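Since the structure comes first, as structure tokens, the remarks are kept for the end.
No lab work stands behind these numbers, since they all come straight from the coordinates. The model shown is predicted, which means the values in this text are computed figures rather than measured ones. So basically every Cβ, Gly included, is an ideal-geometry build from the backbone, and we count neighbours across all protein chains shown.
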């Protein structure tokens, strides 16, 4: 009788151990499988420029916009409302632009083009460091001064068996292009001026004018329009011959003759921001190069020179 009881206890114990071992094995297999198919990208709030300056990362900004648009429809979760006040907007009744984003370390799900993502905002562990090691071919260290209030990075994770990192970056590029189109329609176009090595938004360009609204001789008006249209339609030509895709126009004349007005009209015609470079505000070549490299693509850059003879 004792032997049968002992055998039963041993059998029950072995069965329990076998079940626990089986459950543990299944969990290990699942974890291992997830690690193989789980992709996580860290999108930092700032990007490092060529001259070690820290600029706002447009991909982080675009992804935050997409997250905000989708979280507005959620009925659960922990979120924070970020307000972006426009100091140039004098209308006190205007509603400021805002984002509704998940609180730090709070994970949510979003979808873009039928692809599901897991999103989490988190302060990077290396935020207190004063250098970031570049993973590119040059393998250099970028030195910068950390901010007192470090901004959280976005950790984007996904588990799709048929998607690789390249596909994720393609989706991020698509989100960024969609966001850029949105802010053009929402915010309009602006004029920027330099303050040492940084660009500052001065005011919104409200006029929507055609080239024929400028008091130019008919010959010069047609020549200017042809020059602009030729430049716009021949981007591939610049790439084929290996020269930068840009065009310079020299305007000269006494104050009040319409140079600035013409630049504003070209900006309106091409739907581009204006970056006005004040040479007097630049201390050295370092700041000059940093300014040129921080101008976004498809913009108009102006420089004013005054001389006396």
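What to note about this one:
- FRET efficiency estimate (nearest 0.05) - Cβ-Cβ, residue 173 to residue 75, R0 30 angstrom: 0.45
- Placing a pseudo-label 7 Å from each Cα along the Cα-to-Cβ vector at residue 221 and residue 12 gives an inter-label distance of 10.0 nm.
- Cα→Cβ-extended label distance, 7 Å offset, between residue 286 and residue 163, nm: 4.2 nm
- The order of the peptides 14-21, 171-178 by mean Cβ neighbours within 10 Å, most packed first, is 171-178, 14-21.
- Estimated FRET transfer efficiency when R0 is 25 angstrom, pair residue 150-residue 58 (beta carbons, to 0.05): 0.85
- Computed FRET value (nearest 0.05) for residue 109 with residue 241, which takes r as the C-beta separation and R₀ as 35 Å: 0.15
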